[in-house]
Amino acid sequence: MKTDLGRTRQISHIGGLVLTLLIICFTGSIQLADAADTYEIDTAHSMILFRAKHSGVSYNYGRFNEFTGKLMIDETDISKSMVEFEVKTASVDTANEKRDQHLRSSDFFSAKQFPVITFKSTKVSMKDGKEDMLEITGDLELLGVKKSITVDVEITGKAKGRQGEPLIGFESIFTIKRSEFGMTYGAGAVSDDIRLIVTIEAKGK
């Protein structure tokens, strides 16, 4: 009887250890899954602006009013993160309707033929020596031309929304040459260098 009781206790102890290990492994799997958070861009609190120099004298600004995007941020391994954008070219807005119509034409954005500008990341990493700064490489496609660009992206803040959902903010300021995408019209009046200011608030799903 004593031997049987001892065996029973031993089996029970082993069973308890197995159960504990299963719980630890299962919990670890959950934490791993939760490490990668998916966000959607809150367009009401985000902006995509651009700046061009006119006649070598003054800076003119514009914006795109319609865009969508999503982000996947893996804080345990930032290299597994991902960023995607889609911008509607017809939504270009410089506060001057005549100029906006011209920008939508084949001279500039060719909005009917190329209704969207897209960006898809191919590499995400932390910026060396800088906290809260990412370095993102990705494919920017404009006028049917796809080019790889690398930009610095500042993480401007993290918080919780009203429903407890995670919020995260980003800002990136960088310059592209429009001629590299085949946009060469008005070279004497509009600068080749176009500065883009992208400021994003994204909401976790």
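Just so you know, all these numbers are worked out from the coordinates, no wet-lab data involved. Because the structure is a prediction, the values reported are computed rather than measured.
Considering only Cα-Cα distances, which of the following residue pairs are longer than 25 Å: K98/K203; K80/K203; K112/K146; K80/K146? Display every interim value, and only then the final one.
Numbers: K98/K203 35 Å; K80/K203 19 Å; K112/K146 18 Å; K80/K146 22 Å.
Those over the limit are K98/K203.
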Query raised in the report: Where the centroid of each part is defined by its Cα atoms, how far is segment 50-107 from segment 130-205 in Å?
Result: 8
Query raised in the report: Using 0.36 nm per residue, how much length does the chain from K88 to A44 gain when fully extended, once their Cα-Cα distance is taken away?
Result: 14.3 nm
Report summary line: For segment 36-204, the Cα gyration tensor yields equivalent-ellipsoid semi-axes (√(5λ), largest first, whole Å) of 30, 17, 15
Query raised in the report: Dividing the convex hull volume of the Cα atoms of segment 147-204 by its residue count, what figure in Å³ per residue is obtained?
Result: 105
Requested in this report: Note down the relative contact order for segment 70-205 as a percent, whole number, built from C-alpha pairs under 8 angstrom at least six residues apart.
Outcome: 17
